[in-house]
Amino acid sequence: MNTNAIDTLGKKLGDTALTLLIRLYPDVRIATPEQLDAACAAMRATARPVVDELIDDACDAPGVAHLAFQSAALTLAQEGIRVLQTARK
């Protein structure tokens, strides 16, 4: 199995999810390093099922692969946002 493609997908998904986290949750700028670490840990913990779903969706309907990728990135970003919002309460 060629793992380069999976590694590339994972890096791109992670980069996109972090970009969305920053754009969608401006309060990320005032989060502590510990809160940021917790948000990233939550995103990593969510990544496996999200990537599995992304691959399944892209294989089942290749025409919606881009939408599946966007949905996966948003799901990961939302998990990070959830953790940061909880920490602020």
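Below are the figures for this structure:
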read-out: Among the candidates LEU13, LEU76, LEU67, LEU54, residue that is surrounded by fewer than 17 Cβ atoms within 10 Å (Cβ to Cβ) and either among the hydrophobic types (A, V, I, L, M, F, W, C) or free of Cβ contacts under 8 Å to residues at least 40 places away in the same chain (or both); value: LEU67
read-out: Single residue of segment 16-34 satisfying the filter (under 16 Å from the mean Cα position of the chain (by Cα) and either of a type in the set (S, T, N, Q) or open to solvent by 60 Å² or more (accessible area, probe 1.4 Å) (or both)) that is nearest to ALA77 (Cα to Cα); value: LEU18
read-out: Test for ALA17: is it more than 21 Å from ASP7 (Cβ to Cβ) and either at pLDDT 95 or above or touching a Ser or Thr at 6+ places or on another chain (Cβ under 9 Å) (or both); value: no
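The values are calculated or read from the model by the stated rules, or taken from the named source; none is laboratory data. Given the structure is predicted, the values throughout are model-derived calculations rather than measurements. With ideal geometry, Cβ positions are generated from the backbone for all residues, glycine too; neighbour counts draw on all protein chains shown. Each accessible area value is taken on the protein alone, full model and side chains, heavy atoms only, with ligands, DNA and RNA left out. Shrake-Rupley method; radii C 1.70, N 1.55, O 1.52, S 1.80 Å.
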